[in-house]
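The values are calculated or read from the model by the stated rules, or taken from the named source; none is laboratory data. Small disclaimer: the values here were computed from a predicted structure and weren't measured. Note: ideal-geometry Cβ built from the backbone for every residue, glycine included; neighbour counts use all protein chains shown.
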Amino acid sequence: MSDQYKFLLTEEDIPKAWYNIQADLGFDLPPLLHPQTMEPTILPPPLFCAALNEQEYSKERWIEIPEPVREIYKLWRPSPLYRARRWEKALDTPAHIYYKYEGVSPPGSHKPNTAVAQAFYAKEAGLKRLSTETGAGQWGSALAFACQLIGLDCKVYMVRVSYHQKPYRRILMENWGATIVPSPSPETPMGQAFLEQDKEHPGSLGIAISEAVFDAGTHDDTNYSLGSVLNHVLMHQTVVGLEAMKQLEMAGEYPDMVIGCIGGGSNFSGFVLPFVRDKIVEGKNTRVIAVEPTACPSLTKGLYAFDYGDAVGAAPIAKMHTLGHTFVPAPIHAGGLRYHGMAPIVCALYDRGIIEAAVVPQRAVFEAGVNFAMSEGIVPAPESAHAVRVAIDEALKCKQSGEKKVIAFNLSGHGHFDLGAYDAYHQSKLEDYEYPEEKVKEAMQHLPKVPMAA
């Protein structure tokens, strides 16, 4: 086993239940608030069906995965865990580096783990259609794929800057039968309002969420579907971490640190939450590192406050680290990380010091992606390359100190549809965007005025 590269599980090893961190947090999460009344609420119609609402608030430690969902999971699960031996040698580090590769799914990322589940529950509830937003296109691709397999129509509002940066993602969604429009779009009142301000508005995830929520609210046969942030979404993703724990056990190791990129929190949480459970319950000393871009540093620069999940205040209000729902991040190529807020679970863990965060600029991220590809062969998605960047940094610290630490990270997707961004990097055309403090201060003036009792 000393020279083993891949640690593979069988289809029988696909988890039979999702892990729910709410059972082990030791505290209650702040409630979601209704966007109009400011009172605690469930996820109101037309957002999610009853099964997903129940999962959102459940304190059960294990939620059984429906057999039809597990059957679809078999198309790509279990995903491989790699020991990055060639990369370790190139970095000349004594660290042992492992990465869980979610790019083996048909859409090329971790996102189908929840997309299939959400489509399944919507179909069971009698829905005909799902609407959603997407940044870089990973989530839209996953939901289009899931809806095609489950038998639902799919409408995707794609952030405008990504719509133009990543045409192949749009084509992939169309191949699975979805309808895609750039957001802000002329199809909704909020989209029209933003286009009146700027006909070339780059868009944001917050705006696209507003449009998708409006779409669901004006179609009786439609629910909204979200690819990150909410508790049940993060829970569906824990199949990643549960598999990784088994695979690391096969390798005879336990990580000193686990790393993931973070925009809304889904791939990070899916990978790390089973390890966080060990940290909370068993006292493990594992470092848990969330990596975000300098252009949109919600955890490290955002205010921990109640804020709307979307740009116009139509979605529920959550307590999270936020840059303000009216803040529009710079058009970085990691479109999936351009969200003003963060998953409430992640924010609560960060607020209590259970996890930590790192911030990295765009050019350093692409440098890391190229460095990784030169040894491991896989071209990471720009989002995933944020985790690669910090893995490199930590491995080089081990080189300096001589410590033989075990580093594990989630390589949440491939960058095959992001080669235009890599081309810009190679031609020295990429910019580094910093946190625009004055714009965020302005956005903070628009936070909802929540009753003190909340």
> Under 6 Å by Cβ, and 6 or more places apart or on different chains, what pairs join a residue from segment 430-446 that is touching a residue at least 24 places away in the same chain (Cβ under 8 Å) with one that is outside any loop (DSSP other than H, G, I, E, B) and aliphatic (A, V, I, L, M)?
Replying inline: 430/424
> Looking at 213, 116, 161, 104, which one is β-branched (Val, Ile, Thr), within 27 Å of residue 82 (Cβ to Cβ) and in a helix (DSSP H, G or I)?
Replying inline: 116
>> It is to be established whether one or more residues within segment 310-328 are in a loop (DSSP other than H, G, I, E, B), assigned by TED's automatic domain parsing to the domain that holds residue 367, surrounded by fewer than 24 Cβ atoms within 10 Å (Cβ to Cβ) and among the polar types (S, T, N, Q).
In response: yes
> Any residue at all in segment 384-401 that is modelled with pLDDT under 95, among the charged types (D, E, K, R) and more than 14 Å from residue 368 (Cα to Cα)?
Replying inline: no
>> Restricting to segment 395-440, name every residue that is of a type in the set (S, T, N, Q) and surrounded by fewer than 20 Cβ atoms within 10 Å (Cβ to Cβ).
In response: 400, 401, 427, 428
> Looking at segment 20-31, is at least one residue part of a loop (DSSP other than H, G, I, E, B), in contact with a helix residue (DSSP H, G or I) (Cβ under 9 Å, 6 or more places away or on another chain), of a type in the set (Asp, Glu) and free of Cβ contacts under 8 Å to residues at least 60 places away in the same chain?
Replying inline: yes
>> Can you find, within segment 140-161, the residue that is surrounded by the fewest Cβ atoms within 10 Å (Cβ to Cβ) among those that are out of contact with any strand residue (DSSP E or B) (no Cβ under 7 Å at 6 or more places or on another chain) and hydrophobic (A, V, I, L, M, F, W, C)?
In response: 149
>> Tell me whether segment 441-452 contains one or more residues that are part of a loop (DSSP other than H, G, I, E, B), surrounded by 13 or more Cβ atoms within 10 Å (Cβ to Cβ) and aliphatic (A, V, I, L, M).
In response: yes
>> On the basis of being in a helix (DSSP H, G or I), touching a residue at least 60 places away in the same chain (Cβ under 8 Å) and within 18 Å of the chain's Cα centre (by Cα), does residue 383 make the cut?
In response: yes
>> If I ask for residues that are out of contact with any Lys or Arg (no Cβ under 9 Å at 6 or more places or on another chain) and assigned to a loop (DSSP other than H, G, I, E, B), which ones from segment 221-230 would you list?
In response: 225, 226, 229, 230
>> List pairs: first residue in segment 274-287 and among the charged types (D, E, K, R), second residue part of a helix (DSSP H, G or I) anywhere in the structure, Cβ distance under 6 angstrom, at least six positions apart or on different chains.
In response: 284/278
> Just to be sure, is residue 122 surrounded by 24 or more Cβ atoms within 10 Å (Cβ to Cβ) and in a loop (DSSP other than H, G, I, E, B)?
Replying inline: no
>> Testing residue 141 on (1) of a type in the set (Ser, Thr, Tyr); (2) assigned to a strand (DSSP E or B); (3) within 16 Å of the chain's Cα centre (by Cα), one condition comes back false. Which one is that?
In response: (2)
>> Can you find, within segment 231-253, the residue that is surrounded by the fewest Cβ atoms within 10 Å (Cβ to Cβ) among those that are out of contact with any helix residue (DSSP H, G or I) (no Cβ under 6 Å at 6 or more places or on another chain) and in a loop (DSSP other than H, G, I, E, B)?
In response: 252
> Of all residues in segment 32-63, how many are crowded, with 16+ Cβ neighbours inside 10 Å and part of a helix (DSSP H, G or I)?
Replying inline: 5
>> Being farther than 29 Å from residue 171 by Cβ, in contact (Cβ under 8 Å) with a residue 12 or more places away in the chain and touching a strand residue (DSSP E or B) at 6+ places or on another chain (Cβ under 8 Å): is that true of residue 344 here?
In response: yes
> When you go through 306, 268 one by one, which is the residue that is out of contact with any Ser or Thr (no Cβ under 8 Å at 6 or more places or on another chain) and in a strand (DSSP E or B)?
Replying inline: 306
> Mind checking which residues of segment 185-241 are among the polar types (S, T, N, Q), under 22 Å from the mean Cα position of the chain (by Cα) and within 22 Å of residue 41 (Cβ to Cβ)?
Replying inline: 210, 223, 225, 228, 231
